[in-house]
1. Considering amide H positions built from the backbone, and no H for Pro or chain starts, which residues 5 or more places from Ala73, or on another chain, come under 5 Å of its amide H?
2. Scan around Leu214 for amide H atoms under 5 Å from its own, H built in the peptide plane at 1.01 Å from N, and keep only partners 5 or more places away or cross-chain.
3. Only four residue types carry charge here, +1 at the Cβ of Lys and Arg and -1 at the Cβ of Asp and Glu. Report the dipole size of region 1-133 about the Cα centre in Debye, rounded to the nearest 20.
4. Taking N as the number of residues in region 24-87, what is its Cα Rg relative to 2.2 N^0.38 Å?
5. Can you send over the carbon and sulfur percentage of the accessible area for region 113-218, probe radius 1.4 Å, protein chains only?
6. Please determine, in degrees from 0 to 90 and to the nearest 10, the orientation of helix 86-106 with respect to the longest principal axis defined by the Cα atoms of the chain, where the helix direction is its Cα long axis.
7. What number comes out for accessible area per residue over the chain if the probe is 1.4 Å? Units Å², please.
8. Put +1 on the Cβ of each Lys and Arg and -1 on the Cβ of each Asp and Glu in region 34-150; which of His34, Ala106, Val78 then has its Cα farthest toward the positive end of the dipole?
Amino acid sequence: MSDAARVRREHEPAVLGNQLRLAAGWGRPCLGYHVFVRPGAAAGALARLQAAALALEPSLLRVPARALHANVAWLLPVQQEFGCPKDELWRRHGARWMAALTRVAAARACFRLRFTDLVATDSAVIAVAREPNGLSALRRELGPALDVPGQLTAGQLVHMTLLRYGRPLRDPAGLLRWLESVPLCLDVEVSELLVIRERTFPSLNVDVIGQIALPRRNR
């Protein structure tokens with residue numbers, strides 16, 4: 001069973017029962033430091049998928065193009081607090097984390113993520129990337145290289161969040177049928193890692209504080 005199929009099966013009962021985690025924090029101030037990749041030229045295709053989903057379920061909250069991303073690693077997650085302010089932790093450890101990220105990235109090359117499935121979880125509608133892929137490999141290498149105080153990721157699934165739930169769905173079964181029927185084969189070229197400071201959930205306002213290029217493959 002693919003990762004997408006497993007997640008779909010796991011969350012289907014909650015979605016069908018409208019037992020959703022609504023995005024209560026949407027648009028609210030937050031603070032986190034993360035590493036992610038943006039969809040680049042694929043953003044237009046993702047926007048069309050978002051528009052089609054909104055035509056079925058207008059109450060869905062659309063993640064704007066500037067906020068679309070696939071997470072690589074959390075350095076200081078939004079949802080966790082520590083014994084010291086996060087900005088102070090970044091001042092203490094940010095240079096070391098950036099050096100580790102740069103070192104790991106230098107040993108890899110640009111890669112392509114292929115998104116093949118749309119899945120509804122109990123908290124979001126997501127596009128899921130095919131495994132194996134370069135981002136998962138990068139996470140495995142970053143795990144021992146980054147000494148961070150909290151969680152490094154929310155899990156192993158490589159995905160982009162497209163929509164969140166503003167209120168219960170009008171027709172959960174209809175949305176699930178549509179998501180499974182969409183033929184998706186969308187490539188995202190990954191040539192750099194962005195280190196960001198998130199200020200408004202979910203990544204609606206971020207400061208890009210680092211850009212780490214991945215080497216080009218030898219032709």
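1. Residues meeting the criterion, in which the H sits 1.01 Å from N, are Val35.
2. The list, which skips near neighbours in sequence, is Glu192, Leu193.
3. 540
4. This ratio for region 24-87 stands at 1.39.
5. 45
6. That works out to roughly 90 degrees.
7. On a per-residue basis, the chain sits at 49 Å².
8. Looking along the dipole axis, the top candidate is Ala106.
The values are calculated or read from the model by the stated rules, or taken from the named source; none is laboratory data. Bear in mind that the values here come from a model prediction, so they are computed numbers and not experimental data. Cβ sites come from the backbone with ideal geometry, for glycine too, and all protein chains shown count toward neighbours. The accessibility values were calculated without ligands, DNA or RNA, using every heavy atom of the protein model including side chains. Shrake-Rupley method; radii C 1.70, N 1.55, O 1.52, S 1.80 Å.
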